[in-house]
Structures are given as structure tokens and as C-alpha cells.
């Protein structure tokens with residue numbers, strides 16, 4: 001198995017632009033999680049899905065953030081408009097309900 | 001709400017020496033506990049997990065961890081470290097679902113290996 005796949009690996013954008021991060025979970029996993037990692041706050045859960053349905057988005061920091069999972073093999077996290085404080089590494093993880101398997105992350109820099 | 005504390009931000013160990021990384025958790029019920037390792041620029045890799053049963057769990061790369069309910073601890077150990085073990089280590093706790101509702105992570109411990 002290829003593991004969790006994320007794209008892009010790096011994204012540099014300017015404040016105000018829309019950013020879309022993509023994730024392909026491990027085939028057969030029915031949970032998908034989006035985490036954000038910063039030096040100040042560590043790893044934070046943003047949102048998670050079960051069987052493509054969003055279950056808890058209480059970690060999404062603002063309405064500028066949105067996530068979708070149109071099918072079992074694809075999810076997106078969108079930030080619109082982006083701000084410098086959104087700069088972080090964004091991880092996608094999938095699971096069968098217990099241990100998470102993480103992707104390599106997307107390092108986002110908002111100038 | 002659950003929480004995880006990793007009291008040591010940095011730890012320096014000589015190659016070949018033993019290692020113990022500390023983790024304390026706060027959770028009302030029986031926790032599901034995990035240790036992950038993150039190398040620079042990489043995602044998190046699962047080292048080991050504790051769900052129930054034997055309180056001493058073995059993981060990959062020669063790591064082990066011991067669950068001590070009385071101390072609310074889940075410390076990670078390795079008898080002899082290698083230079084390739086230099087990385088960031090994260091302890092995490094999941095709820096009764098074992099992580100189905102997401103994991104709560106500690107802030108991490110940065111492990112430095114001296115030659």
C-alpha cells in the first residue's frame with residue numbers, strides 16, 4: 001500500500017489567496033483526519049470524517065477553513081482567504097478507528 | 001477532556017546509551033495510548049500502541065513502553081539508541097473509541113543523539 005498521500009508537499013501563497021490541500025487515505029480505512037502542526041500549538045485536530053461524513057469540525061479555527069470528502073479515496077482542506085497565521089504543516093491521517101496512519105504533510109507558507 | 005504532557009522538550013543521549021521519554025496523560029476512563037516518531041520533514045510514524053492487556057508493549061525499532069495506571073504514565077524506552085533515532089517523539093491519547101474521535105497529542109520531545 002502506498003500509505004496516505006498528500007499534495008502538494010509544499011505550498012507558498014500570498015495572503016488572501018485560496019489554498020486547497022489534498023489527501024488520499026489508505027484504501028479501506030473509514031476514518032480520515034486533518035491535523036495542523038505549529039511550533040506554538042503542536043498538533044491540533046481540525047476535523048474528521050467517518051465513511052465520508054464529517055463528524056466533528058469543532059477544531060476548524062475559522063469559517064475560512066472548510067473540508068470535504070466527496071468519496072472514500074479523496075478529501076480536501078480549503079482555506080479561503082488565507083492569512084499568514086495559517087502557515088503550518090497540515091497532516092492528513094486515516095484509520096480503521098484506532099491507530100492513525102499519517103501522510104507526509106503539506107507545509108503551507110502564507111506570505 | 002483528555003490531555004497529554006511530555007515534560008521534556010529536549011533530551012540528549014549518547015549513542016549506545018539507554019533512553020526513556022516521559023509521557024503523562026489525563027483521561028477519565030481507560031485510555032488508548034500511542035507513541036509516534038517524526039523525522040525532519042516527514043509525517044508521523046506509529047511506534048507502538050496500548051489498548052489493554054499486558055502493560056508492557058513492544059513496538060518497532062526496538063522501542064517499548066510501559067503503561068502505569070497509578071502514575072497516569074506511558075513512558076517510552078529503548079535499551080540502546082542509534083544515531084538514526086534522532087527525531088521528534090510524540091505521545092498521544094485516544095478516547096474509548098481508541099482514536100476514532102481523533103487523538104490528543106503531547107507537545108513532543110526532541111531527541112538528540114551524541115556520537
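Read-outs throughout are calculated quantities, based only on the coordinates presented, and are distinct from any laboratory measurement. Small disclaimer: the values here were computed from a predicted structure and weren't measured. Every residue, glycine among them, receives a Cβ derived from its backbone with ideal geometry; neighbour counts consider all protein chains shown.
Using C-alpha pairs below 8 Å separated by at least 6 residues, the relative contact order for chain A is 37 percent.
Take the Cα of residue A:96, go 7 Å toward its beta carbon, and the backbone nitrogen atoms of segment A:31-64 under 18 Å from that spot belong to A:31-33, A:50-52. The order of B:112, A:47, going from fewest to most other C-beta atoms within 10 Å of their C-beta, is B:112, A:47.
For a test of the definition: using alpha carbon positions, the gyration tensor, and the 1.5 limit on a/c, classify segment B:31-109 as rounded, prolate or oblate. Intermediate results must be reported in sequence, preceding the final value.
Numbers: a/c = 2.02, a/b = 1.28, b/c = 1.58.
Oblate, because a/c is 1.5 or more while a/b does not exceed b/c.
For chain B, a Gaussian network of Cα nodes joined below 10 Å ranks B:68, B:49, B:78 by mean-square fluctuation, and the top entry is B:68.
What is segment B:73-115's relative contact order, in percent, from Cα pairs under 8 angstrom and six or more apart in sequence? Don't jump to the answer; show the numbers that get you there.
Values: 45 pairs, mean separation 18.4, N = 43.
In percent, rounded to a whole number, it is 43.
Here each label is just a point 7 Å from Cα along the line to Cβ, and for residue B:26 and residue A:73 those points are 4.4 nm apart. Contact order for segment B:7-88, expressed relative to its length and based on alpha carbon pairs under 8 Å spaced 6+ residues apart, stands at 37 percent. Here residue B:3 and residue A:63 are evaluated by their C-beta separation; at R0 = 25 Å the FRET efficiency comes out at 0.40.
Rounded, prolate or oblate: pick one for the protein assembly as shown, where a ≥ b ≥ c are the square roots of the eigenvalues of its C-alpha gyration tensor, a/c under 1.5 means rounded, and failing that, prolate if a/b is larger than b/c, else oblate. Numbers along the way, then the final one.
Details: a/c = 1.91, a/b = 1.46, b/c = 1.31.
Prolate.
Modelled this way, with points 7 Å down the Cα-to-C-beta line, the labels at residue B:112 and residue A:27 are 4.5 nm from one another.
Fewest Cβ neighbours within 10 Å first, please rank B:82, A:29 accordingly. The partial results should precede the final answer.
Numbers: B:82 12, A:29 18.
The order, fewest Cβ neighbours first, is B:82, A:29.
Simple spin-label estimate for residue A:18 and residue B:15 gives 5.1 nm between the two label positions (7 Å along the Cα-to-Cβ direction from each Cα). With R₀ set to 41 Å, the beta-carbon distance separating residue B:64 from residue A:51 gives a calculated FRET efficiency near 0.75.
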